[in-house]
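Every read-out reported here was derived from the displayed coordinates using simple, explicitly stated rules and does not represent laboratory data. The structure presented is a predicted model; accordingly, all values stated were derived computationally and were not measured. So basically every Cβ, Gly included, is an ideal-geometry build from the backbone, and we count neighbours across all protein chains shown.
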Amino acid sequence: MKSAVETLNPTRVRLTVEVPFEELKPSLDAAYKKINQQVTVKGFRKGKIPARIIDQRFGRGAVLEEAVNEALPKFYTDAVNEGDLKVLGQPEVDIKELKDGELLSFTAEVDIRPAIEIPDYSGIEVEVDTIEVSDEDVDKAVEELRERFASTSPVERPAEDGDVVTIDLEARVEGEVLEDGVASGVTYTIGSGELLDGIDEAVTGLEAGGEATFTSELKGGSASGKEAEVTVKVTQVASRELPELDDDFAQLASEFDTLDEMREDSRKRLLNTKEYDQATQAQERVLDKLLDLVEVPVPEKLLEDEIETRRHNLEHHQLAQMGLDLPRYLEIQGKSEEEFDTETKEAAVKGIKTQFVLDELVAVEKLNVSQDELTEHLMRRAASSGMTPDQFAQAVVEGNQVPMLVGEVARGKALAVVVQAATVKDTNGEIVDLSDEEDAAEGGEEPTDAAEAGAAEGGAEATEADQKPEA
């Protein structure tokens, strides 16, 4: 076999491959064997039909086509390896010549990873928010905990802001009651804003047994986005009572004996959260600076696939779960479809560039992923997906996604290397030491919604996978 590589642009090549006919013999034998198992010819046992009879009855062309289809993946892969190419996705194959007994010639156009030169990143400087935990922050955290331990008791008076009411709802659109517009025994805290616009005003002042009608735009269901006439009936009014802020509350709501101890623990937790947020902010800003330093061509087909993947996941997963379609979502966001398309494309471009650059950094810095690092990452991903580690690991193995997880960990380590080399200062001008925050940097920004368990959205993950061509 002979092959040649023609560079079409920085992210696409054309392979020209010539195969002497004798190298097709194994595939030709396999083709005859396959056809033998599929057809019946009178006078011959199944599987024992001579090749000349198959040629006469079904045509030599059918055999050659089967042989070429079987052989193409191997010859294509050999040409890729011979050219030392890092291909992306499926090739476009064109059979140029097929001379029986002489020659097979074909071309294959395919996207490749662009050559990237990593610049000196040691001079990167970024600014991040200063970490401050005020008494007000602690007060707010304690108050939120106090709200969780609030109790309710029925009262015989008009409902007030902050009360918990039990209500029945009925929604009508154009005079017709919606099939999914009736609900009974709904618990609602007045002022929480968790239900329909206008409901707070409607129920405030009503006692148990009271009823009111108001107009509101439905946020979900079969008539999402439409104006509806909603009838609400209050069946119970209950007041919320907050526990006293004292040592008894601290013992009820925490493992601490005193309120002061609980407040101090809240302060430490808030500090840890803000340190993590600061490290994540540093990671994101260092990454942006790094991408600004590197010229990264993006393959057009890969970009198209990435945009389509992001859009599909948004429409058919995230929005579907919320009972929304894309037009309604854009209306809520106050965006036009053109603005949405622009933002999606920008995010896709950044995701692909990020993956290319960090993968190159992995190679340049000779970073490896240990079994312990992979296991730790798997545990985190399992927790975020709501699956047990065993369930998640099984899904990863069955989906052949282990290389994807290894890539995530490796890219996280690469980004951590750049973050450690950068100068990070807070808004007060103080140097920020991120040496203890490597976990925040791990798993850097991925091309996709990162990655849902077992299916990262980054189209660039298809690097050396899915290479089998079709004639």
**Message:** Around Val234, under 11 Å between beta carbons, what's the net of Lys plus Arg minus Asp minus Glu among the other residues?
**Reply:** -3
**Fill in**
Descending packing, highest mean Cβ count within 10 Å first, for 419-427, 164-172 is 164-172, 419-427
**Asked** Just how many % of Cα pairs in the stretch 205-309 lie over 22 Å apart, if you round to the nearest whole percent?
**Response** 73 percent
**Asked** In whole Å, what is the distance between the alpha-carbon centres of the stretch 394-424 and the stretch 289-357?
**Response** 21 Å
**Item:** Percent RCO, i.e. relative contact order, over the stretch 262-462, from Cα pairs under 8 Å lying at least 6 residues apart
**Value:** 30 percent
**Request:** Can you give me the span-like helices of the chain, meaning DSSP H runs with 18 Å or more of Cα extent along the axis and Kyte-Doolittle mean at or above 1.0?
**Result:** 402-421
**Request:** Calculate, axis by axis, the spread of Cα positions in the chain along the three principal axes, and write the results as whole Å, longest axis first.
**Result:** 97, 63, 42
**Straight-distance crosslink candidates among lysines, where the alpha carbon sits under 20 Å from Lys335 and sequence neighbours closer than 8 are dropped** = Lys219, Lys226, Lys345
**Request:** Starting from the Cα-Cα distance between Ser134 and Thr213, subtract it from 0.36 nm times their residue separation and give me the gain in nm to one decimal.
**Result:** 24.0 nm
**Prompt:** Percent relative contact order of the chain, based on C-alpha pairs within less than 8 angstrom and at least six residues apart?
**Reply:** 19 percent
